[in-house]
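The block underneath contains the structure these notes are about, expressed in structure tokens.
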Amino acid sequence: MNDLLSTVDWSRGQFALTAIVHWLFVPLTIGLSLIVAIMESVYLRTKNEKWKRLTKFWMLLFGINFACGVATGLILEFEFGTNWSNYSWFVGDIFGAPLAVEGIAAFFLEATFTAVMFFGWKRVSPGFHLASTWLTAIGVSLSAYWILVANAWMQCPVGMEFDPAQMRNVMVSFADVALSPVAVNKFIHAVSSGWVLGAVFVVGVSCWFLLKKSNTEMVRMSMKVASSVGVAGILLCMWSGDTTAVDVTKTQPMKLAAMEGLYDGDFGQSLVAVGVLDPAKERTDEKNPFLFEISIPKGLSLLAWHDPDAYVQGINDIIEGRNFDKEGQPVNSVSYAERIVSGKRAHEALRRYNTAEAQGDSAAMAAAAADLKADFKYFGYGYLDTPDQAIPPVGMVFYAFHIMVIFGGYLLLFFLVVAYLAFRKPHAIENKWMVFFGLLTIPVVWITSEAGWVVAEMGRQPWTIEGVLPTWASVSHISAGSVQLTFWMFVVVFTGLLAAEVAIMCREIAKGTKRDILASDEH
């Protein structure tokens, strides 16, 4: 049992490592692909060769990052088979479908036209080349869409039913999976956050040129495009974040409670703007969860339900099955203790089905299948021994959420200032404070982006699939030692990959500071 738990922990750690490293590349790929496409569009419209040379410079940095993102993404998908084979068997028919579409259609699209984008400047017409650049950007976003469809299904499983004869879930509606509101909102939020990150990267690198007193005209042109993309991206990201919060309230209330460190809910629930959790807090004690907090009255009710007086469940409310409607009347809600009992009945019904199948007893199989279907809604809870096992790590989720929100507010202010300077006072962008904050915001935006994924993934714990399959029932039957070995191998490989990308990026940027980018086609 201890070896199993160790295997689960190391597998989770390895997957988290791969996902975090992969997500360093993905949003930059999304953001830079759009910015490059816009720059080339300006070039084709104006016929100004300076825009072509500017496009080529940022396209080169896009290509470096794109290659690293592909490498880490392939490793991430392989881990589903190596480390999480039980999960892959249990839901592979559903989870694999969007990944297959991504590989066959979206990735093929971006891979094909990326080649034209880089090597077709003198081989195809300017119009076809521009189309290739836009199709690359579209392909990048389509790849993100199908991957996010798969992830959203793990957060909110739809379009499936369990087939006891196969001992696995099967898809009954591809449309429900592909067009889930959770998936659509997650896609908009992730892609717009990629625009933000790509825009910050362009602004930050431009500020490095200013620091080196190089390519001032190139900087001004780049900042106009980047600030426009950044403002659009952060506004869309905030809007989609609001709709995502409503989705989370409906489909993952435990995640929402963890995001706010909320143990006991209330009507007109306040929103913690800034707070420090008490690490000694236990779920069942009477302690205040916070050592310090500044709250916005009724803010969480407004965020969760768009109603300042709505009741928001805390962790204890969810576990005990306590909820209320707008009129203050109790709402039928199933406690976690009842869910566990129902889940264990489902497990027992599945065992009875297998026994009856082995004996060739069709009537007993039908009866067991009916009982299983009646209780399958809480099948995953049958793996739990206590309700507390279903509580995510509150501290990690709370702090990651608030870092994301606070830094997101900073990014909005940052882009409004950059856009104002770029369009209204272009000479002011050379101000030392602009350079300082431009460089500072590069790590800030990556921290914000990674914090968002920590909220999404850690807030779902302990579930691999929300309410259906916990992590310890998803892992492959492999030794903890083998996972540890590959974990440290990946640490070495990923460290080398990151070091290589940063070194190559810095080398190309440094080369750019030593020449007039707008006066030469050199790379």
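The values are calculated or read from the model by the stated rules, or taken from the named source; none is laboratory data. For clarity, every value in this text was computed on a predicted model and none was experimentally measured. For neighbour counting, all protein chains shown are included, and Cβ atoms are generated from backbone atoms with ideal geometry for every residue, glycine included. With ligands, DNA and RNA removed, areas are computed over all heavy atoms of the protein, side chains included. Shrake-Rupley method; radii C 1.70, N 1.55, O 1.52, S 1.80 Å.
Take the stretch 328-347 and flag every residue that is in contact (Cβ under 8 Å) with a residue 12 or more places away in the chain and either assigned to a helix (DSSP H, G or I) or in contact with a Lys or Arg (Cβ under 7 Å, 6 or more places away or on another chain) (or both).
SER333, TYR336, ALA337, GLU338, ARG339, ILE340, SER342, GLY343, LYS344, ARG345, ALA346, HIS347
I need every pair where a residue in the stretch 302-315 that is closer than 26 Å to GLU286 by Cα has its Cβ under 7 Å from the Cβ of a residue that is of a type in the set (Val, Ile, Thr) and open to solvent by less than 10 Å² (accessible area, probe 1.4 Å), sequence separation at least 6 or different chains.
ALA304/VAL312
Going through the stretch 472-486 one residue at a time, which ones are open to solvent by 30 Å² or more (accessible area, probe 1.4 Å) and either of a type in the set (Asp, Glu) or in contact with a helix residue (DSSP H, G or I) (Cβ under 6 Å, 6 or more places away or on another chain) (or both)?
Matches in the stretch 472-486: TRP472, GLN484.
(1) under 24 Å from SER206 (Cβ atoms); (2) surrounded by fewer than 21 Cβ atoms within 10 Å (Cβ to Cβ); (3) within 19 Å of the chain's Cα centre (by Cα): which one isn't true of THR46, the others all being true?
With (1) under 24 Å from SER206 (Cβ atoms); (2) surrounded by fewer than 21 Cβ atoms within 10 Å (Cβ to Cβ); (3) within 19 Å of the chain's Cα centre (by Cα) applied to THR46, the lone miss is (3).
If the requirement is being surrounded by 15 or more Cβ atoms within 10 Å (Cβ to Cβ) and over 26 Å from the mean Cα position of the chain (by Cα), which of these qualifies: LEU411, LEU384?
LEU384
Restricting to the stretch 143-163, name every residue that is surrounded by fewer than 22 Cβ atoms within 10 Å (Cβ to Cβ) and more than 15 Å from the chain's Cα centre (by Cα).
Within the stretch 143-163, VAL158, GLY159, MET160, GLU161, PHE162, ASP163 meet the criteria.
Quick check, is MET238 buried (at least 20 other Cβ atoms within 10 Å of the Cβ), touching a residue at least 40 places away in the same chain (Cβ under 8 Å) and part of a helix (DSSP H, G or I)?
No, not satisfied.
Just the residues that are aliphatic (A, V, I, L, M), within 20 Å of ILE478 (Cα to Cα) and either in contact with a strand residue (DSSP E or B) (Cβ under 8 Å, 6 or more places away or on another chain) or not in a helix (DSSP H, G or I) (or both), please, taken from the stretch 75-101.
The one that is aliphatic (A, V, I, L, M), within 20 Å of ILE478 (Cα to Cα) and either in contact with a strand residue (DSSP E or B) (Cβ under 8 Å, 6 or more places away or on another chain) or not in a helix (DSSP H, G or I) (or both): VAL91.
To keep it simple, each residue is scored yes or no on (1) modelled with pLDDT of 90 or more; (2) open to solvent by 40 Å² or more (accessible area, probe 1.4 Å); (3) part of a helix (DSSP H, G or I); (4) at positive phi.
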residue	(1), (2), (3), (4)
VAL248	yes, no, yes, no
VAL272	yes, no, no, no
VAL276	yes, yes, no, no
ARG283	no, yes, no, no
LYS287	no, yes, no, no
LEU300	yes, no, yes, no
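If we keep just the residues of the stretch 164-192 that are under 30 Å from MET434 (Cβ atoms) and open to solvent by less than 30 Å² (accessible area, probe 1.4 Å), which is farthest from the chain's Cα centre (by Cα)?
SER192
Among the residues of the stretch 318-327, is any farther than 30 Å from VAL91 by Cα and either of a type in the set (Ser, Thr, Tyr) or not in a loop (DSSP other than H, G, I, E, B) (or both)?
The answer is yes, given that some residue of the stretch 318-327 is farther than 30 Å from VAL91 by Cα and either of a type in the set (Ser, Thr, Tyr) or not in a loop (DSSP other than H, G, I, E, B) (or both).
When SER41 is evaluated against the numbered criteria (1) of a type outside the set (A, V, I, L, M); (2) in contact (Cβ under 8 Å) with a residue 24 or more places away in the chain; (3) within 23 Å of TRP463 (Cβ to Cβ), which criterion, by number, is the only one it fails?
Failed condition: (3).
Identify, please: which residue in the stretch 341-377 is small (Gly, Ala, Ser) and in contact with a Phe, Trp or Tyr (Cβ under 7 Å, 6 or more places away or on another chain) and is, among those, farthest from GLY467 (Cα to Cα)?
ALA368
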